[in-house]
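The values are calculated or read from the model by the stated rules, or taken from the named source; none is laboratory data. Keep in mind that what you see is a predicted model, and the values were worked out from it rather than measured. In this analysis, Cβ positions are derived from the backbone assuming ideal geometry, glycine residues included, and neighbour counts consider all displayed protein chains. Note: areas computed on protein heavy atoms with side chains; ligands, DNA, RNA excluded. Shrake-Rupley method; radii C 1.70, N 1.55, O 1.52, S 1.80 Å.
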Amino acid sequence: MTFSASRFARWDTTVVTHNGDTIPLIYFIWPPDSAASRSAYRKVPDMMLYYSHPERFSNYPFERFGMVPGYYGFPWGGMEHQTQVMIHPTYLSGGGEGIFCHELAHMWWGDMVTHVGYADVWLNEGFATWAECLYMGYLNGRNYFQQYIAGKARQYFSQHRRQDFPVYNPPWQEIYNYGIIYCKGSWILRMLQYLTGDTVWQTPGIFFRALRVYGDSFRYRTVATADFQRIIEQVTGLNLNT
């Protein structure tokens, strides 16, 4: 549980999703940042529509969404607190689309479905990093997507050369290792897209259907990697043990 308390200004808007739900978007900001936040958050409704598309992640799982700036010294880009993401204030100056869509994706993969223990932390961070690549590609085009997700691979290989360990059940001090948990985790999902033949640009297919089954099966519950594997195998017919 977390809370933020300050002399915030606030502005609200809404987005109507594909199934007709009206989702309030509620932003708390420090008053000097109010105008900048209007520009910084301009793509959030589009992100919501992209992820909540019935052929991608399907319906947004909560009653609202919004942002609040991190406290003084907040050390991360963002933190996916359910319905109210905490973000680093520097992103109000621009360039925050990757962080914002990453944290929004966590509402499905991390908040609606949460890893049962830190052995399975890649189910949160790998999923949101992959989803970040998807939206940034949608926003900027296929070539940009290929370069963007290739950058995640390079970050993994750089980490691999320094120190490597499995994405499942990492050492405790490495549970948020960016190269392995986030970037390698995102490439596991990209690999599954290839294995299932679900790679037609901006045309979600069987892998996304399996992902929605996974989400429906563990909605508002905890999940382990073996559960995810089982759902993917059931829907696609693959044997992921070989």
Inset, instruction - Working from Cα positions, state the angle (0 to 90°, nearest 10) between the long axis of helix 185-195 and the longest principal axis of the chain. - result: 50
Legend entry - Positive-end extreme of charge dipole, the chain - chosen from Ser158, Gly96, Gly110 (charges on Cβ): Ser158
Legend entry - Measure of compaction for region 146-207 (Cα Rg per 2.2 N^0.38 Å): 1.25
Inset, instruction - Over the Cα atoms of region 173-233, compute the convex hull volume and normalise it per residue, giving Å³. - result: 107
Legend entry - At R0 = 22 Å, FRET efficiency that the Cβ-Cβ distance of Lys43 and Gln147 yields, to 0.05: 0.70
Legend entry - Residues Trp172 and Ser217, FRET efficiency given R0 of 25 Å [Cβ-Cβ distance, rounded to 0.05]: 0.30
Inset, instruction - Provide, for q = 0.20, 0.21 Å⁻¹, the log10 of I(q)/I(0) from a solvent-free Debye sum over equal Cα point scatterers in region 1-138. - result: -1.27, -1.39
Legend entry - Volume in Å³ per residue [convex hull over Cα atoms, computed for region 139-242]: 130
Legend entry - Principal-axis tilt of helix 142-162 within the chain, Cα atoms, nearest 10 degrees: 70
Inset, instruction - Could you please put Asp227, Asp12, Asp120 in sequence from largest to smallest accessible area, using a 1.4 Å probe? - result: Asp12, Asp227, Asp120
Inset, instruction - Provide, as a two-decimal number, the C-alpha radius of gyration of the chain over 2.2 N^0.38 Å, N being how many residues it has. - result: 1.00
Inset, instruction - Give the Debye-formula value of log10 I(q)/I(0) at each listed q (0.22 Å⁻¹), with one equal scatterer per alpha carbon of region 18-65, two decimals each. - result: -0.81
Inset, instruction - Compute the Rg to Rh ratio over region 201-242 from the alpha carbon atoms, using the Kirkwood formula for Rh, and round to two decimal places. - result: 1.00
Inset, instruction - From the C-alpha gyration tensor of region 105-153, pull out the three semi-axes of the equivalent ellipsoid (sqrt of 5λ each), sorted largest to smallest, in whole Å. - result: 24, 12, 4
Legend entry - Label-zone membership for region 63-85, site Phe8, 7 angstrom Cα→C-beta point, backbone N under 15 Å: 64-72, 79-85
Inset, instruction - Beta carbons within 10 angstrom, averaged per residue: use that to sort the peptides 65-78, 105-118, highest first. - result: 105-118, 65-78
Legend entry - Separation between Cα centres of region 161-194 and region 35-106, rounded to whole Å: 23
Legend entry - Whole-Hz ³J(HN,Hα) from phi, Karplus 6.51 cos²θ - 1.76 cosθ + 1.60, for region 26-31, glycine and proline x: 10, 10, 9, 9, 6, x
Inset, instruction - Assign unit charges at the C-beta atoms only (+1 for Lys and Arg, -1 for Asp and Glu), then state the dipole size of region 135-192 relative to its Cα centre in Debye, rounded to the nearest 20. - result: 200
Legend entry - Solvent accessible area, Å² - Phe157, 1.4 Å probe, full protein context: 110
